[in-house]
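See structure below.
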Amino acid sequence: MTTKEYENLVVLKGPKELENWKFSLRIKARKKGVWDIIRGTQLLPNDSDTSSEANTLRTKMSVAADLIVQTISPSLIPHIREFPDDPYKMYKRLLEVNSHGFEDVSDTWTRFNSLKLRSNETGIEFIGRFRELRSELIALNDKPSDTLSISVLLSALPDVNPKTNNETDWKSFKVQMKRDIQGDDLVYVERQVLREYSHQNPDGDTTFFDPGEEALAAARRGTRAGGGNAPHVPASDPLAHFVRPHLVCNLCGGLGHFRSQCPSELFNEPSGNGRTAAVATFVAQEEDYSGQGVAF
């Protein structure tokens with residue numbers, strides 16, 4: 001935009017400017033021939049289309065995106081950063097955010113980003129608060145990405161366990177999660193936080209369910225965790241000798257064993273020789289499984 005074009009520019013800062021901004025943007029966008037792109041009625045080109053018409057349209061899309069960015073407050077930029085090449089989605093998101101009340105959205109984001117684990121709450125309560133705030137943002141049509149949500153969740157954890165004053169408990173856990181191959185899975189990270197809380201507070205939050213331990217217990221009983229029959233695993237089963245508290249199975253999410261040692265595999269193996277071979281593999285393993293990391 002030239003200096004002259006900045007004159008009489010309506011800048012969207014919140015709901016109060018929304019209607020005037022929509023009117024001003026429509027006038028300026030029509031003048032530049034990009035209003036159909038912004039309002040979503042223009043068919044966009046495929047990524048593989050290299051025709052001159054497609055390239056011309058891409059240029060117009062860039063002009064439309066620049067027009068939107070130049071007419072909103074910097075505080076609104078984070079809401080549209082995920083759509084750098086789609087002016088229509090930018091416009092739609094800005095309407096959604098400001099129609100619900102920017103103050104509400106801003107306040108919810110502040111509470112979400114400042115989330116902290118309280119010394120007097122259980123792990124279940126903490127994850128509940130996290131999910132509630134995330135749900136509020138989704139209801140406001142401003143859903144945080146899984147990556148951002150995981151970052152907020154881990155940042156909410158203290159470096160020092162307030163109940164034990166142990167400086168390595170949560171700090172080590174956060175380092176481990178950042179290296180975890182499944183560390184980009186929000187549900188998985190939530191489960192790991194609950195499990196770690198339960199581990200650090202054995203006399204507190206006892207409601208956590210460990211599917212790995214349940215699967216092993218069910219196998220020894222000769223039943224499935226969810227009912228029905230399952231192969232019997234004696235108490236002296238070699239699985240019990242591979243207990244490593246820091247290991248996390250990436251199949252069942254249980255603690256203390258690798259995927260190749262996972263009791264839940266017994267429920268998925270075919271009957272007969274296939275299952276026998278799987279159990280025999282457990283017996284044959286002689287490696288030292290004392291290293292850090294995800295358990296395969």
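A compact table of results
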{"read-out": "The stretch 38-55: number of residues that are assigned to a helix (DSSP H, G or I) and either in contact with a Lys or Arg (Cβ under 6 Å, 6 or more places away or on another chain) or surrounded by fewer than 11 Cβ atoms within 10 Å (Cβ to Cβ) (or both)", "value": "2"}
{"read-out": "Given (1) outside the structural domain of Leu194 (by TED's automatic domain parsing); (2) without any contact (Cβ under 8 Å) to a residue 60 or more places away in the chain, index of the condition His79 fails", "value": "(2)"}
{"read-out": "Residue in the stretch 5-25 that is part of a helix (DSSP H, G or I), modelled with pLDDT under 90 and more than 21 Å from Asn141 (Cβ to Cβ) present", "value": "yes"}
{"read-out": "Among the candidates Ser119, Ser155, Ser149, residue that is at pLDDT 90 or above, surrounded by fewer than 15 Cβ atoms within 10 Å (Cβ to Cβ) and not assigned by TED's automatic domain parsing to the domain that holds Glu19", "value": "Ser155"}
{"read-out": "Residues (of a type outside the set (Phe, Trp, Tyr) and touching a Phe, Trp or Tyr at 6+ places or on another chain (Cβ under 9 Å)) located in the stretch 93-115", "value": "Arg93, Leu94, Asn98, Leu115"}
{"read-out": "Residue in the stretch 34-65 that is modelled with the lowest pLDDT, counting only those that are farther than 18 Å from Lys89 by Cα and of a type in the set (Gly, Ala, Ser)", "value": "Ser48"}
{"read-out": "Residues located in the stretch 61-82, provided they are within 17 Å of Trp35 (Cα to Cα) and in a loop (DSSP other than H, G, I, E, B)", "value": "Thr71"}
{"read-out": "Test: residue in the stretch 93-116 that is closer than 25 Å to Ile37 by Cβ, buried (at least 17 other Cβ atoms within 10 Å of the Cβ), β-branched (Val, Ile, Thr) and in contact with a helix residue (DSSP H, G or I) (Cβ under 8 Å, 6 or more places away or on another chain)", "value": "yes"}
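The values are calculated or read from the model by the stated rules, or taken from the named source; none is laboratory data. Quick caveat, the model's predicted, so the values are computed rather than measured. Ideal geometry is used to build each Cβ from the backbone, glycine not excepted, and the neighbour counts take in all protein chains shown.
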